[in-house]
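Worksheet: one structure, shown below.
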Amino acid sequence: MTTAFITHRDCWLHDMGEYHPECPDRLSAISDRLIASGLDLYLSSHEAPLATLEQIARVHPMDYVRGIAESAPESGIVHLDPDTAMSTGTLQAALRAAGAGILATDLVMRGEAENAFCSVRPPGHHAERARAMGFCFFNNIAIAAAHALAAHGLERVAVVDFDVHHGNGTENIFAGDGRVLMVGTFQHPFYPYCGTDNPAANMVNVPLPAGTRSDAFREAVTVFWLPALRRFAPQAIYVSAGFDAHYEDDMASFGLVEADYAWVTEQIKAVAAGSAQGRIVSMLEGGYALSALGRSAAAHIKVLADL
C-alpha cells in the first residue's frame, strides 16, 4: 500500500495578510521539496474534498460552525483575534483542510492507503470546541479522529502532537473522552500557556523548556508517549505534525532537526504496526521557516512511505 498525499489549491487561498508567518508559501515549500527529492513519485496524490458542516459539528457546536461561515468576508480581511484572520479564501480553505482528514481516514480505513499526510492550511490544533485561535478555525485533527469513531466504528484512536505549541484545542475537545488518548510535547511556558494544570487522564502532556534539543525530546517520547500509546493500543493514530520545533524556526526556541522528525515518525509507525494495522493520518500544523519546513515534512513523509 502507498502513502496518500492530500492537498488542494484552495488551501493556498487563505491569506491572513502580508508578512503573516502562516502563509501560502508553507505549502509550496513542502510540495517543492517533495518534487526536488523525488518523493512525490512514490506517493498517491489526492485532492481534499470539502468537509460538510455536519462532519465538523462532531467536534464543534453547529452554532460555532455557522458563525465561522458567516464571518467570512466578501473582501479584505476580518480578524477573529489579533493573530487569526479570515480572508475571502479562508472558509473554502478551512473546509478543504478539514475534508482532507476525512478523506485520509476513509482511505486508510478502506485499506486503499496504509497512511496519509495532509498538506493543508489553515492548521487546526489550537481551535477549541467553540473558539478560533492561534491561526486555527476548525480542529482538523479532531474532526478526522471523530470521523474514525463515528463513521468507521473504531473504539480507540490516539492523537500524537509534536508541534512546539501545545494542542490546546484538541485537548479541549477530547479531554475526558476515554476513546481518545492524546500525547504531546511542547515548549512551556509558551503560547498558548496551558496544558500543565491537572490534565485529564487521557492526556499525556509533556512540557519541555526552551532550549530543548534532540536528546531531551527523544527521552520524553520514549519515557512518556510510547508506554502510554502501547497500553492504549489505538486502532488508528492521528498526528498533529507541526515542524516549528526545528532549530531554524524562530517562532519558538527548540532545537530539533530533520532526523528527529524521522525518528519520531518511526516510533509512531511501530506503535501503529502493533495495534492499528499501520493506520496513520498525519496533518500539517505549524512550521514557519520555509526551508526547514520543507525538509522536515519530507523526512516525516519519507518514513511514512517506507522509503
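The values are calculated or read from the model by the stated rules, or taken from the named source; none is laboratory data. Quick caveat, the model's predicted, so the values are computed rather than measured. Glycine gets a Cβ as well: all are built from the backbone with ideal geometry, and neighbour counts include every protein chain shown.
Show the residue pairs that are 6+ apart or on different chains and have beta-carbon atoms under 8 Å apart, the first residue being within segment 1-26 and assigned to a helix (DSSP H, G or I), the second being of a type in the set (V, I, T).
Qualifying pairs under 8 Å: C11/V120.
What pairs can you find where one residue is in segment 150-171 and closer than 16 Å to V264 by Cβ and buried (at least 24 other Cβ atoms within 10 Å of the Cβ), the other is among the acidic types (D, E) and modelled with pLDDT of 95 or more, and their Cβ atoms are less than 6 Å apart, with a gap of 6+ or different chains?
So the pair list comes out as D163/E285; V164/D244; G167/D161.
Within segment 130-148, which residues are farther than 14 Å from T84 by Cα and surrounded by fewer than 24 Cβ atoms within 10 Å (Cβ to Cβ)?
A130 - this is the single residue of segment 130-148 that is farther than 14 Å from T84 by Cα and surrounded by fewer than 24 Cβ atoms within 10 Å (Cβ to Cβ).
Looking at segment 172-182, which of its residues are closer than 16 Å to I237 by Cα and buried (at least 24 other Cβ atoms within 10 Å of the Cβ)?
Passing the criteria: F174, V180, L181, M182.
Taking segment 60-76, which residues are hydroxyl-bearing (S, T, Y) and free of Cβ contacts under 8 Å to residues at least 40 places away in the same chain?
If the condition is that a residue be hydroxyl-bearing (S, T, Y) and free of Cβ contacts under 8 Å to residues at least 40 places away in the same chain, then S71, S75 are the ones that fit.
Given (1) touching a helix residue (DSSP H, G or I) at 6+ places or on another chain (Cβ under 9 Å); (2) within 18 Å of F138 (Cβ to Cβ), where does D63 come up short, assuming only one miss?
The failed condition is (1).
Filter segment 1-19 for residues that are at pLDDT 95 or above and among the aliphatic types (A, V, I, L, M) and give the result.
Answer for segment 1-19, where residues must be at pLDDT 95 or above and among the aliphatic types (A, V, I, L, M): A4, I6, L13, M16.
For residues in segment 248-307 being in a helix (DSSP H, G or I), of a type outside the set (D, E) and in contact with a His (Cβ under 9 Å, 6 or more places away or on another chain), which is farthest from T2 (Cα to Cα)?
A292
Among the candidates F190, F138, F162, single out the residue that is over 22 Å from R58 (Cβ atoms) and under 13 Å from the mean Cα position of the chain (by Cα).
F162
Let me confirm something: among G153, G167, G178, which residue is within 17 Å of the chain's Cα centre (by Cα) and at pLDDT 95 or above?
G167
Taking the condition at pLDDT 95 or above, among the small types (G, A, S) and over 20 Å from A98 (Cβ atoms), does G38 pass?
For G38, the condition - at pLDDT 95 or above, among the small types (G, A, S) and over 20 Å from A98 (Cβ atoms) - is met.
Just checking, does segment 270-287 include any residue being surrounded by fewer than 20 Cβ atoms within 10 Å (Cβ to Cβ) and of a type in the set (D, E, K, R)?
Looking for residues that are surrounded by fewer than 20 Cβ atoms within 10 Å (Cβ to Cβ) and of a type in the set (D, E, K, R), one finds none in segment 270-287, hence no.
Mind counting the residues in segment 122-145 that are over 12 Å from G101 (Cα atoms) and either touching a Pro at 6+ places or on another chain (Cβ under 9 Å) or of a type in the set (G, A, S) (or both)?
Selection size over segment 122-145: 10.
I'm trying to understand the selection: among the residues of segment 241-267, which are of a type in the set (F, W, Y) and within 18 Å of the chain's Cα centre (by Cα)?
F243, Y261, W263
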